[in-house]
Amino acid sequence: MAEKNKIAVQIDDLTVAYNYKPVLWDIDLAIPEGVLMAIVGPNGAGKSTLIKSILDIIKPIAGSIQIYEKPYKKQRSLVAYVPQKGSVDWDFPTTALDVVMMGTYGSLGWIRRPGQKQKKAALEALEKVGMLAFKNRQISQLSGGQQQRVFLARALVQNASIYFMDEPFQGVDATTEKAIINILKELRKAGKTVIVVHHDLQTVPEYFDWVTFLNVKKIATGPVKDIFNDDNLTKTYGINYKVAVSQ
Amino acid sequence: MNSAQIEIQLIASLVAIACAIPGTFLVLRKMALITDAISHSILPGIVIGFFITHDLSSPLLIVMAAASGVLTVVLVEFIQKTGLVKEDTAIGLVFPALFSIGIILIAKNANDVHLDVDAVLLGELAFAPFDRLALDGIDLGPKSLWIIGTILLITLGLLFAFFKELKVSTFDAGLASALGLSPVVIHYGLMTVSSITTVGAFDAVGAILVIALMIAPAATAYLLTNDLKKLLVLAVLFGVGSAIAGYWVAYALDASISGSMTTVLGVLFLMVYLFAPAKGLFSVLYRQKQQRIEVSLLTFLLHLRNHKEEEERHVKHLNEHINWQKVRSKSVLDLALKNNMITIHKDVVSLTPKGKKFTTEAIDYIVTNKNSEIENMKDRFFLFRG
């Protein structure tokens, strides 16, 4: 495991509101470099909002967010993002390869077009997630698990230091889930920081080494072996957390 | 063909191309209705521009109209953000308000000018060749040709420059934003282009044809391709084709040119909707029918696999037991025979090794939803195409 002293993401006093209704209250959070971290919490806890705020997609009403001690705008190239699969229209007229190529658009900047170099990187990323055979398939013709793999490949092609993933295991088959978590573990081994919004509490100890409990406020954050316990689960989910675990 | 006829078709074709390009992205963004709104709400912009310049052909009119087009979008989004009404309602609230402001302004102050509502809505392509641009007494052609030509060049330039940005922000605005390719800038850029195109085109062809030329070609092309570049090319071809065909329909029937072009667009969409190879109505119905038969086939094969006894596998018994009508039994039996999955000996049906293998793999696929084993069967069986 990488050294735990360096902080990859530093969040101070973050408050986010939709129409004046706070969805995140005064969050302080330091994510160390090189962890594979789950963000867990009930529906409406603000898990996706937290990620979107870090990525400057949603503007917070208060607080500061630093990626390696600088604002996100200066550190874009260090960050890759996998949105929820349901957030895009999979009937969009494009192929798996083209979606992965979109991961290179950030390094290209405005107007410049992707070329052979970007295509090669995209093909490599597709191969890593076992989707090379499907590169020319229209994205609506892919299964849910395959679509998620394409999204993962798109993040891999960004070659970032920090990866944010919003529910990458939602609606995927068991094989894909295994394949994805193996890739995430490889990323951690390579010293990358991986932050995952996660729903299945049962798999947290098996998949992750770091965890953040979130329910509008931050409940706890730290190593899974130290803080993944009944006490924090109850604080996050209420007394019915065992129902959530058994789901 | 005389020169006026050629000029009319040329203007209509350029309008069709200029409309199809932003139209394609509006359709993909599920914003088709906004063109309807923009095409009406540019009216107050035109009227105010006219009050300032007192010249109906001033470029300021286009600028003002484009501004009120963008204002429409801003207002719609503002109302939508309150969370009190949905987007379609917001559109329905905004554009009639702006349009009627335009009408009142005309009625109160510009009754004596040629700025009537009919012309705004319907346009009159037949008159376009009469309004000509001249420089030092040299005839340079119809004015609308120059206006729409300029707009088309700008649109094409922007499309080539920002194709990748348009694509990513349309497909995944969240990613575009995270990558620093501001989807907000692209959004308002597209809205501005749509407004300017609408203004440039409506004088020649009218607001209704502008809407039709923006939406119909893109919607038609969408049924035929899964590739964004081909989609754009097809939309342009459909737009130009309908414009020219519509002109000759109007010529033959002695009818309104805009009306004929819109009709051709509608008929073209209907044809493609019915007969498109993959997404068309008939091929969807055919696919559903095949899938039903294939499900029956699988049920039948499974029954054969589970019953070794001869009496369970007798053709007559199958009719009664599985409770199918004769026609259905026959089509299922035929399909199984055609694929060498069964043999029939003295009216007793037996599974072939191939049939056994198929049954196992197909059941396995349906239970585990794993694709790999079924991949080579997708071409022959609709059942596995998802």
In the set A:R149, A:R137, A:R154, the lone residue that is surrounded by 16 or more Cβ atoms within 10 Å (Cβ to Cβ), among the charged types (D, E, K, R) and more than 21 Å from the chain's Cα centre (by Cα) is A:R137
ask   = Hey, does segment A:145-157 have a residue that's free of Cβ contacts under 8 Å to residues at least 12 places away in the same chain and among the basic types (K, R)?
value = no
Practice problem: Could you tell me whether any residue of segment B:163-170 is under 29 Å from B:G45 (Cβ atoms) and of a type in the set (D, E)? | Solution: yes
Notebook entry, point to check: Does at least one position in segment B:21-32 carry a residue that is out of contact with any Phe, Trp or Tyr (no Cβ under 7 Å at 6 or more places or on another chain), basic (K, R) and either surrounded by 20 or more Cβ atoms within 10 Å (Cβ to Cβ) or under 15 Å from B:V193 (Cβ atoms) (or both)?
Noted result: yes
Those residues of segment A:100-119 which are more than 9 Å from chain B (Cβ to nearest Cβ), surrounded by fewer than 22 Cβ atoms within 10 Å (Cβ to Cβ), under 29 Å from B:L234 (Cα atoms) and not small (G, A, S) amount to A:Q116, A:Q118, A:K119
| message | Tell me yes or no: at least one residue of segment B:246-254 is farther than 28 Å from B:M1 by Cβ, without any contact (Cβ under 8 Å) to a residue 60 or more places away in the chain and among the acidic types (D, E). | response | no
| task | Answer yes or no: is there a residue in segment B:249-263 that is within 14 Å of chain A (Cβ to nearest Cβ), part of a helix (DSSP H, G or I) and of a type in the set (A, V, I, L, M). | result | no
Subset of segment B:245-287, residues hydrophobic (A, V, I, L, M, F, W, C) and crowded, with 17+ Cβ neighbours inside 10 Å, comes to B:A245, B:V249, B:A250, B:I257, B:M261, B:V264, B:L265, B:L268, B:F269, B:V272, B:A276
| request: Check whether at least one residue in segment A:129-141 is more than 9 Å from every other protein chain (Cβ to nearest Cβ) and within 23 Å of A:H198 (Cα to Cα), and report yes or no. | output: yes
Checked A:D230, A:D166, A:D173 against criteria (out of contact with any Cys (no Cβ under 9 Å at 6 or more places or on another chain), at pLDDT below 90 and within 22 Å of A:L29 (Cα to Cα)); the one match is A:D230
With criteria (1) free of Cβ contacts under 8 Å to residues at least 40 places away in the same chain; (2) surrounded by 14 or more Cβ atoms within 10 Å (Cβ to Cβ), A:Y237 comes up short on (1)
**Request:** Kindly establish whether A:K178 is without any contact (Cβ under 8 Å) to a residue 24 or more places away in the chain and either assigned to a helix (DSSP H, G or I) or surrounded by 22 or more Cβ atoms within 10 Å (Cβ to Cβ) (or both).
**Result:** yes
In segment A:145-174, anything facing another protein chain (nearest Cβ under 10 Å) and closer than 17 Å to A:L126 by Cβ is listed as A:G145, A:Q146, A:F151, A:R154, A:A155, A:Q158
Taking segment A:95-128 and the residues there that are small (G, A, S) and farther than 22 Å from A:Q146 by Cα, the one that is nearest to the chain's Cα centre (by Cα) would be A:G106
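One line per residue, one yes/no per condition, for (1) assigned to a loop (DSSP other than H, G, I, E, B); (2) of a type in the set (A, V, I, L, M); (3) buried (at least 17 other Cβ atoms within 10 Å of the Cβ); (4) within 14 Å of chain A (Cβ to nearest Cβ):
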residue	(1), (2), (3), (4)
B:T155	no, no, yes, no
B:A161	no, yes, no, yes
B:S177	no, no, yes, yes
B:L181	yes, yes, yes, yes
B:Y188	no, no, no, no
B:M191	no, yes, yes, no
B:S194	no, no, yes, no
task: With the condition kept exactly as written, say whether any residue in segment B:79-99 is part of a helix (DSSP H, G or I), out of contact with any His (no Cβ under 6 Å at 6 or more places or on another chain), within 14 Å of chain A (Cβ to nearest Cβ) and free of Cβ contacts under 8 Å to residues at least 12 places away in the same chain.
output: yes
When segment B:240-263 is checked residue by residue, the ones that are of a type outside the set (A, V, I, L, M) and more than 16 Å from the chain's Cα centre (by Cα) are B:G246, B:Y247, B:W248, B:Y251, B:D254, B:S256, B:S258, B:G259, B:S260
* Asked: surrounded by fewer than 20 Cβ atoms within 10 Å (Cβ to Cβ), more than 14 Å from chain A (Cβ to nearest Cβ), more than 17 Å from B:Q9 (Cβ to Cβ) and touching a residue at least 40 places away in the same chain (Cβ under 8 Å), is that true of B:I138?
  -> no
So, first residue more than 7 Å from chain B (Cβ to nearest Cβ) and in contact (Cβ under 8 Å) with a residue 12 or more places away in the chain in segment A:73-99, second residue assigned to a loop (DSSP other than H, G, I, E, B) and aromatic (F, W, Y), Cβ within less than 7 Å, six or more apart or across chains; the pairs are A:L78/A:Y68
Q) Is it fair to say A:G34 is touching a strand residue (DSSP E or B) at 6+ places or on another chain (Cβ under 7 Å), among the small types (G, A, S), outside any strand (DSSP E or B) and touching a residue at least 24 places away in the same chain (Cβ under 8 Å)? A) yes
Taking the criterion of being surrounded by fewer than 20 Cβ atoms within 10 Å (Cβ to Cβ) and within 13 Å of chain B (Cβ to nearest Cβ), would at least one residue in segment A:193-207 satisfy it? no
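A quick yes/no check of all residues on (1) more than 20 Å from A:V23 (Cβ to Cβ); (2) over 16 Å from the mean Cα position of the chain (by Cα):
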site	(1), (2)
A:D166	no, no
A:G171	yes, no
A:R188	yes, no
A:K192	yes, no
A:D209	yes, no
A:G222	yes, yes
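The values are calculated or read from the model by the stated rules, or taken from the named source; none is laboratory data. The shown structure was predicted, so the numbers you read here are calculated from the model rather than taken from an experiment. FYI the Cβ positions are ideal-geometry reconstructions off the backbone, even for glycines, and counts take in every protein chain you see.
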